[in-house]
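Visitor: Mind looking over this structure? Questions follow.
Since every read-out is calculated from the coordinates, none of them should be taken as a lab result. Fair warning: this is a prediction, and the values are worked out from it, not measured in the lab. Cβ sites come from the backbone with ideal geometry, for glycine too, and all protein chains shown count toward neighbours.
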Amino acid sequence: MEIRRLDALNLPPVSSRQILGLMFGLNSGLIWSFQSRTHRYYRTFNIPKGNRQRRIDAPCVGLKAIQKWLATQLQGAYKVPDHVFGFVAGRSHIDAASVHAQAVWVLSVDIRDFFQTTPKSLVKTRLLELGFLEKGAELIASLCCLRDNLAQGAPTSPLLSNVCFIHVDQQLSYLADKYNLRLSRYADDIVFSGKGQCPDTLRDELESLFIGSTWVLAPEKTELVSLPKRLKVHGLLVHGENIRLTKGYRNKIRTYKHLLATKGAELTNSEKIKGHISYEKYVDLVVDAQRNT
């Protein structure tokens, strides 16, 4: 009966450890261990991010398989707001930047440690709102969180962060409509823009949305920029109708292409270099396609 109810709501049939174990061919005792001793099933390491290190908590194979399945199954239960582009199939940061074409100013804010400040209690609350019963919501939240927050490295964290952020997204959308502004959010990066003058109270109103919430804005990343200064949006430059890579990044690509042409076989990081070059081609292809539609 419960499985049929969940199916009618377009939700995965997660009602108990026994059911989940049966679907994956795993002993329910192992599912219990995944749920109750989560820290034992993650490998923690750091990767460079700019001038600092980002902590990654990577789940073990069995737990990761369950999380990937949950992430896929839960997609249909969440209606993505039009202004949300991060972690959404068929949407990219290029699409997000394109929202701000013709802008004369942009206001950017950044949420500090987005996943790690999204608590398990909120994940469970949102799952209950989607239609899961207490037992199923607790099971999913426990399987997808580490140290009582979303894990940076779990396949479910991107989707669940969006699901948890839905009420703030609604307030952001209301704020944009109030002043007739453009709005985009790509993961933890939120951007407002306009063609007239930036409302004097916009920044304060935006910051007030986060007072009392679980998330905190990074004040050092809050920035209001107006033309003729360059407008950088979601890592790309917006100038009139044009969306392009920054000049610094294009210069880096030219250097990489030269290195690849002259020292290809000798390079120890050739795959990384090829990745940057492929990214440039990808951006150009998407932007060209947008122009032709």
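Visitor: I'd like the per residue volume of the convex hull spanned by the Cα atoms of segment 93-206, given in cubic angstrom.
Guide: Convex hull of Cα atoms, per residue: 108 Å³.
Visitor: Subtracting the Cα-Cα distance from 0.36 nm times the residue separation, let me have the gained length for K274 to S226 in nm, one decimal.
Guide: That works out to 13.9 nm of additional length.
Visitor: Quick check: the distance between the Cα centres of segment 165-226 and segment 94-114, to the nearest angstrom?
Guide: Computed from Cα coordinates, the inter-centre distance equals 10 Å.
Visitor: Another question, if that's okay. Cut-off under 24 Å on the C-alpha distance; same-chain residues fewer than 8 positions from K252 excluded. Which lysines are left, in chain and number order?
Guide: Hits, sequence-local ones excluded: K49, K221, K229, K232, K263, K272, K274, K281.
Visitor: Return the Cα extents of segment 246-292 along principal axes one, two and three, sorted largest first, each rounded to a whole Å.
Guide: The Cα atoms of segment 246-292 stretch 40, 18, 14 Å along their principal axes.
Visitor: Can you return the lysines within cross-link range of K120? Criterion is Cα-Cα under 23 Å, with same-chain partners fewer than 8 residues away left out.
Guide: K64, K68, K79, K135
Visitor: Pairs of Cα atoms under 8 Å, at least six residues apart: use those to get the relative contact order of the chain, whole percent.
Guide: Relative contact order comes out at 22 percent.
Visitor: To the nearest 10 degrees, how steeply does helix 61-74 sit against the main Cα axis of the chain, on a 0 to 90 scale?
Guide: 70
Visitor: Turning to a different aspect of this structure: Of Q35, I56, Q73, which is farthest towards the positive pole of segment 1-100's charge dipole, taken about the Cα centre with +1 and -1 on the beta-carbons of Lys, Arg and Asp, Glu respectively?
Guide: I56
Visitor: Still on this structure: Using alpha carbon centroids, what distance separates segment 2-30 and segment 244-260, in Å?
Guide: The two parts, judged by their Cα centres, are 49 Å apart.
Visitor: Could I ask something else about it? With +1 assigned to the C-beta of every Lys and Arg and -1 to the C-beta of every Asp and Glu, and no other charges, what is the dipole magnitude of the chain about the Cα centre in debye, to the nearest 20?
Guide: Once rounded to the nearest 20, the dipole reads 1060 debye.
Visitor: Averaging over all projection directions, find the projected area of the Cα convex hull of the chain and quote it in nm² with one decimal place.
Guide: 18.5
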